[in-house]
Amino acid sequence: MLTMSECTRQNTCYDCDNTACWFHGKKEADCPKYGCYEDCEECEFINVWIEEERKEYSHETDKT
């Protein structure tokens, strides 16, 4: 059975350890370039994006 819900985790999909989620561990799930057909494992854009998101999430957790 498939259940859809909003993710409230403070991490990227690529860094996620929730094995119940289809997107955990997938770089393409974090990419804002909808419809891009590049190889995500070799994409410098997504690597930089994920690093920036990690910084953003770490700042958010510092506030709590």
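Values quoted throughout were computed directly from the atomic coordinates according to the rules given, and no laboratory measurement underlies them. Since the model is a prediction, treat every value here as computed from it, not as a measurement. Methodologically, a virtual Cβ is constructed for each residue, glycine included, from the backbone with ideal geometry; neighbour enumeration extends over all protein chains shown.
So what J values fall out for segment 11-25 if you push phi through Karplus, 6.51 cos²θ - 1.76 cosθ + 1.60 with θ = phi - 60°, rounded to Hz, Gly and Pro as x?
Here the 3J(HN,Hα) series is 7, 7, 4, 4, 8, 6, 10, 7, 5, 7, 9, 5, 8, 4, x Hz.
Place the peptides 35-46, 11-22 in order of packing, highest mean first, counting for every residue the other Cβ atoms within 10 Å and averaging per peptide.
Ranking the peptides 35-46, 11-22 by packing returns 11-22, 35-46.
Consider the candidate values (1) 17.0, 61; (2) 10.6, 31; (3) 12.7, 37; state which one is Rg and Dmax of the Cα atoms in Å computed from the structure displayed.
Answer label, from the structure shown: (3).
Using Cα pairs closer than 8 Å and at least 6 residues apart in sequence, work out the relative contact order for the chain, in percent.
31 percent
Would you calculate a helix-derived [θ] at 222 nm for the chain, using -39,500 (n - 2.57) for each DSSP H run of n ≥ 4 and dividing by the full residue count, to the nearest 500?
Working: 1 runs with 20 residues, N = 64.
The helix-only estimate for the chain comes to -11000 deg cm²/dmol at 222 nm.
Suppose every Lys and Arg Cβ carries +1 and every Asp and Glu Cβ carries -1, with no other charges. What dipole size does the chain come out with about its Cα centre, to the nearest 20 debye?
Taking the Cα centre of the chain as origin, the dipole is about 280 debye.
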